[in-house]
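So the structure is just underneath, and the comments pick up after that.
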Amino acid sequence: MSSDATDSGETADAPPGDGTPDPVRVAELEARIETLETRLAEVEAEADGGDREMVIIATQGTLDMAYPPLILASTAAAFGWDVTVFHTFWGLDVLHEEASESLAVSSVGNPNLSVPNAVAALPGMDRVTTAMLERRIDDEDVATIEELRETCLEMGVELQACQMTMDLFEYDDEPFHDEVTTGVGAATALERMADADVQLLV
Amino acid sequence: MVTEREPTETLDVKGESCPMPVVRTKQAVDDLDGGSLLEVHATDEGSVSDIDGWASGTPGVALVGQDERTVDGETVYVHHVEVEE
């Protein structure tokens, strides 16, 4: 703040001589103040968490990797955020009524399982490790994928199914829940992501 | 500590894990009028931090108290959530 701007209310570029402010300049400044006040109100509303948006791109269809997008989506919806989950490639199986009931974990090349690869590759091992994980989920009262998916829809999360992947896997609309959005592609996802506060690829 | 005030509604999410305590709390709050007090009973230890974080980041609700009780040998986390007018 300079001292000559505070003493008389005159600015340096006011017309010299008569001391009255230029009405055009005043109108310009008033318009500018109005714009800034509107923007400030928007920024304050965003800071309050009122209008937050999140987009998750869900690409994985294993039982373990199906969880994070749905957990984050339902929690964000609980915060009142506007949430979209775009399911592509194997992520599509999470929305598919039949496929989502048989999501599995892979034993081979999974360093989190204490099973040597030579054993993990034996026929039926994926079924064993999947059954183990399902039992843990049940014992610990963790919600099932189906429960989480239904909860997300109840809470207004938009679950989208990538049209290209649907064509690739030869899925039609039928096996998907009525509330799942079909007929969308990468451009739809990107447009939402550009406007979103949180964007995640899982 | 939880408030002495009588809750308007009690929500039982005992046995449910993340994210359900927060999700069910939000759903219950949506059905309540301004000024109501919701009491949530959870066994998920993470609900202490999660419901606090959720209430701080959600307009229109305030966490007014949290407590821990032992019921039949099990720890129950009690949360008091107020719906703002």
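The values are calculated or read from the model by the stated rules, or taken from the named source; none is laboratory data. The structure displayed is predicted, hence computed values, not measured ones. Please note: Cβ atoms are built from the backbone with ideal geometry, for glycine as well, and neighbour counts cover all protein chains shown.
Consider the stretch A:57-72 and keep the residues that are in contact with a helix residue (DSSP H, G or I) (Cβ under 6 Å, 6 or more places away or on another chain) and of a type outside the set (A, V, I, L, M). The one that is surrounded by the fewest Cβ atoms within 10 Å (Cβ to Cβ) is A:Thr59. Only residues that are away from every other protein chain (no Cβ under 14 Å) and farther than 17 Å from A:Glu191 by Cα were counted in the stretch A:67-106, giving 18.
Working carefully through the options A:Glu158, A:Glu134, A:Glu140, find the one that is in contact (Cβ under 8 Å) with a residue 24 or more places away in the chain and under 22 Å from B:Gly15 (Cα atoms).
So the residue among A:Glu158, A:Glu134, A:Glu140 that is in contact (Cβ under 8 Å) with a residue 24 or more places away in the chain and under 22 Å from B:Gly15 (Cα atoms) is A:Glu134.
Checking A:Val180, A:Val184 one by one, the residue that is in contact with a Leu (Cβ under 7 Å, 6 or more places away or on another chain) and of a type in the set (A, V, I, L, M) is A:Val180 and no other. Restricted to the stretch A:82-126, and to residues there that are of a type in the set (Ser, Thr, Tyr) and crowded, with 16+ Cβ neighbours inside 10 Å, the residue that is nearest to A:Gln163 (Cα to Cα) is A:Thr88.
Criterion applied to B:Gly15, B:Gly53, B:Gly60, B:Gly46 was being of a type in the set (Gly, Ala, Ser), within 11 Å of B:Val83 (Cβ to Cβ) and at pLDDT below 95, and the one residue passing it is B:Gly60.
Screening A:Glu158, A:Glu140 for residues that are on the phi < 0 side of the Ramachandran plot, crowded, with 17+ Cβ neighbours inside 10 Å and among the acidic types (Asp, Glu) leaves exactly one candidate, A:Glu158. Checking A:Val105, A:Val128 one by one, the residue that is in a loop (DSSP other than H, G, I, E, B) and touching a residue at least 12 places away in the same chain (Cβ under 8 Å) is A:Val105 and no other.
Any chance you could count how many residues in the stretch B:2-17 are part of a loop (DSSP other than H, G, I, E, B) and either more than 14 Å from chain A (Cβ to nearest Cβ) or in contact (Cβ under 8 Å) with a residue 60 or more places away in the chain (or both)? Of the residues in that region, 8 qualify.
Among the numbered conditions (1) out of contact with any Ser or Thr (no Cβ under 9 Å at 6 or more places or on another chain); (2) surrounded by fewer than 13 Cβ atoms within 10 Å (Cβ to Cβ); (3) outside any loop (DSSP other than H, G, I, E, B), tell me where B:Thr75 comes up short. Here B:Thr75 meets the rest and fails (1). The single residue among B:Thr25, B:Thr58 that is β-branched (Val, Ile, Thr) and in contact (Cβ under 8 Å) with a residue 40 or more places away in the chain turns out to be B:Thr25. Of all residues in the stretch B:27-46, those satisfying the criterion of being within 13 Å of chain A (Cβ to nearest Cβ) and either within 15 Å of A:Thr75 (Cα to Cα) or surrounded by 14 or more Cβ atoms within 10 Å (Cβ to Cβ) (or both) are B:Gln27, B:Ala28, B:Val29, B:Asp30, B:Val40, B:Ala42, B:Thr43, B:Asp44, B:Gly46. Filter the stretch A:35-56 down to the residues that are under 30 Å from A:Met166 (Cβ atoms) and surrounded by fewer than 23 Cβ atoms within 10 Å (Cβ to Cβ), then identify the one that is farthest from the other protein chains (Cβ to nearest Cβ). By that ranking, first place goes to A:Glu53.
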